[in-house]
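These notes are about the structure you will find just below.
The values are calculated or read from the model by the stated rules, or taken from the named source; none is laboratory data. Predicted model only: the values in this text are computed from it and were never measured. Positions of Cβ are backbone-derived with ideal geometry, glycine not excepted, and every protein chain shown enters the neighbour counts. Just so you know, the surface numbers come from the protein's heavy atoms only, side chains and all, with ligands and any DNA or RNA stripped out. Shrake-Rupley method; radii C 1.70, N 1.55, O 1.52, S 1.80 Å.
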Amino acid sequence: MSKSPGAGMYPPIAKLNLAADPRKMRRIIAEDPEWSLTVVPLLSNLCLQHIVRNFEEKPILEELLPRHKDYVLERLSPSLPLQVTANLISDDGYWKRCCKQRWGLCDVSSYGHSWKRMFFERHLENIIELYIPDATDPKTVLGMVPLCRNYVKRLDISQLMPPIKEPQKSEDDDNSDSASDMGMDGPSMDHFDFGILLDKLSHLEEFHVVYRVKGCGMNFEWNLFEFTFRDCESLAKALKSCKTLRVLRIHQSKVDDEKCRQLVNNLLDHPSLKELNLSHNLIGDRGARAIGKLLNRSKLESLTVYDNNIRGPGAQAIAYALAKNSSLLSLNLRLNRLGDEGGQAIAQALLKNRTLKWLHLGGNEMTEPTATVLSQVLVQNNTLRSINLSCNRLGMDGGKVLEEGMCHNSSMVECDIRLTEVGQESDYCISQVVRNNQNQAHRKHNTEENLA
């Protein structure tokens, strides 16, 4: 039987189905289940997909049109090497994906709402916190500097690792004696040396550090929480070289008088330091005298040294500097041991000082004599806005003299006298004056806003 002309000319990919009903349109039934009527992708999309796939080897971004750039950025992997992306990609959406992939929940508000800044600050912090002296290559830190120095404004170092403890050598080892005589038997540093880093971070404004190891568990040893003098020397020199630093916080690090003096000597006449926090340390009167010297040779606006061992003589040194200071706005000395000797000295300094606004003297073993001098301050000083005297034994008589001083004060909007044994009547009268001052300050603020 002969075949009709044209039979077998068409490939068996699809069958043409003619409908019996002329009202029905033709349709194609594909034998390939993956076949579809979808339009072939645009050539521009194919090109962009190629750019995304090969971005690590050949990054192309700035040459693209804005809509094409958005297309590429949305599809780039957050796992690309930082050497490729750091100084090329400024899009915050990309860095948001990088942050969330690495840390999950993230609060970007404390990073100036910049995801890129958040990523590089936390990334650099992580490298430093896991750095082990004489074991980690310093290039792991230095290699990050060209990539992150334009974006790091704050470093918050919550732990620093000590060197790996080597096993004890036997006493009959002749080499150990010769090595120790030459000073070669110990690690080259006790913790990460910030001297190799801080002066290279040209935008660093805040630096917080704690010399400790987190989560040591059953491996606890006291040397894991030791801020050595060698650490202090290298840190002090690094801080001096960081000319952009505005906020310095060294807490819970066993900073004693000698280390405090070493740090302060390198911070004298610092061009930009505004806030210093040395809380939860071991600073005594000698360290306080050094801090007093710093007040006279700096532009500090906030000084916080709570929970230390400062007594009367140390407070007197700080008070002497405070009387002549014209920049400090906030002073926090709570949880020290000032006593009435130190409390009266600080109060007398406030009879001359005209810039301090916030003062915290809570938990300092002060009694009625200090309250008497502070009463004079409340009458004469119209700059002080907040004072905290909580957890001092001011007593009934101390409460009465404070009440008398507050009756002549119109600037104090916070006065904390909890747990001071001042009596309910004095407590009530003082709180009424504070409330009236708050209302007056609120009305003044609203008036100024309306005029503006």
(message) Going by what's in this entry, would Arg230 be described as under 19 Å from Leu155 (Cα atoms) and open to solvent by 20 Å² or more (accessible area, probe 1.4 Å)?
(response) no
(message) Scan segment 136-154 and tell me whether some residue there is closer than 17 Å to Leu224 by Cβ and modelled with pLDDT of 95 or more.
(response) no
(request) Taking the options Asn353, Asn281, Asn265, name whichever one is open to solvent by 50 Å² or more (accessible area, probe 1.4 Å) and of a type outside the set (D, E, K, R). (result) Asn265
(message) Among the residues that make up segment 117-128, is at least one of them in contact with a helix residue (DSSP H, G or I) (Cβ under 9 Å, 6 or more places away or on another chain), outside any helix (DSSP H, G or I) and either among the basic types (Lys, Arg) or open to solvent by less than 30 Å² (accessible area, probe 1.4 Å) (or both)?
(response) no
(message) Which condition from (1) open to solvent by 20 Å² or more (accessible area, probe 1.4 Å); (2) over 21 Å from Ala345 (Cα atoms); (3) not in a helix (DSSP H, G or I) is the one that Arg393 breaks?
(response) (2)
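Regarding Asn336, is this residue assigned to a loop (DSSP other than H, G, I, E, B) and at pLDDT below 95? Give the derivation first.
Working: assigned to a loop (DSSP other than H, G, I, E, B): yes; at pLDDT below 95: no.
In short, no.
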(message) Go through (1) in contact with a strand residue (DSSP E or B) (Cβ under 7 Å, 6 or more places away or on another chain); (2) small (Gly, Ala, Ser); (3) not in a loop (DSSP other than H, G, I, E, B) for Ala345 and report which single condition fails.
(response) (1)
(request) Output the number of the condition that Ala371 fails; it satisfies all remaining conditions of (1) open to solvent by less than 10 Å² (accessible area, probe 1.4 Å); (2) in a loop (DSSP other than H, G, I, E, B). (result) (2)
(message) List the residue pairs whose Cβ atoms are under 6 Å apart, where the first residue sits in segment 273-293 and is touching a residue at least 12 places away in the same chain (Cβ under 8 Å), the second is part of a strand (DSSP E or B) and open to solvent by 10 Å² or more (accessible area, probe 1.4 Å), and the two are 6 or more positions apart or on different chains.
(response) Glu275/Val247; Glu275/Ser302; Asn277/Arg249; Asn277/Thr304; Ser279/Thr304
(message) Of all residues being among the hydrophobic types (A, V, I, L, M, F, W, C) and outside any helix (DSSP H, G or I) in segment 105-116, which is surrounded by the most Cβ atoms within 10 Å (Cβ to Cβ)? Just the residue, please.
(response) Cys106
(request) Find the residue count for segment 356-368, including only residues that are more than 15 Å from Thr420 (Cβ to Cβ) and either open to solvent by 30 Å² or more (accessible area, probe 1.4 Å) or part of a helix (DSSP H, G or I) (or both). (result) 2
(message) Can you tell me which of (1) among the small types (Gly, Ala, Ser); (2) in contact with a strand residue (DSSP E or B) (Cβ under 8 Å, 6 or more places away or on another chain); (3) over 21 Å from Asp285 (Cβ atoms) is the one Ser426 doesn't meet?
(response) (2)
(request) Go through segment 374-390 residue by residue and tally those that are open to solvent by 10 Å² or more (accessible area, probe 1.4 Å) and in a loop (DSSP other than H, G, I, E, B). (result) 4
(message) Exactly one condition in (1) surrounded by fewer than 21 Cβ atoms within 10 Å (Cβ to Cβ); (2) at pLDDT 95 or above; (3) assigned to a loop (DSSP other than H, G, I, E, B) is false for Glu258; which is it?
(response) (3)
(request) Look through segment 226-240, keep the residues that are within 11 Å of His191 (Cβ to Cβ), part of a helix (DSSP H, G or I) and not hydroxyl-bearing (Ser, Thr, Tyr), and return whichever of them is farthest from the chain's Cα centre (by Cα). (result) Arg230
(request) Please state which of the following conditions His251 fails to meet, knowing it meets all the rest: (1) within 27 Å of Asn223 (Cβ to Cβ); (2) modelled with pLDDT of 95 or more. (result) (2)
(message) For segment 48-104: of the residues being of a type in the set (Gly, Ala, Ser) and closer than 21 Å to Asn126 by Cβ, which is most open to solvent (accessible area, probe 1.4 Å)?
(response) Ser79
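Name the residue that is most open to solvent (accessible area, probe 1.4 Å), counting only residues in segment 130-157 that are within 26 Å of Gly215 (Cα to Cα) and in contact with a strand residue (DSSP E or B) (Cβ under 9 Å, 6 or more places away or on another chain). Don't jump to the end; show me each part of the working.
Filtering segment 130-157 down to residues within 26 Å of Gly215 (Cα to Cα) leaves 130-138, 140-141, 154-157.
Of the ones still in play, those that are also in contact with a strand residue (DSSP E or B) (Cβ under 9 Å, 6 or more places away or on another chain) are 154-157.
Working: Arg154: 38, Leu155: 0, Asp156: 69, Ile157: 0 Å².
The residue in question is Asp156.
Give the number of residues within segment 312-327 that are in a loop (DSSP other than H, G, I, E, B) and surrounded by 22 or more Cβ atoms within 10 Å (Cβ to Cβ).
Residues of segment 312-327 in a loop (DSSP other than H, G, I, E, B): 325-327.
Those left that are additionally surrounded by 22 or more Cβ atoms within 10 Å (Cβ to Cβ): 325.
Of the residues in segment 312-327, 1 are in a loop (DSSP other than H, G, I, E, B) and surrounded by 22 or more Cβ atoms within 10 Å (Cβ to Cβ).
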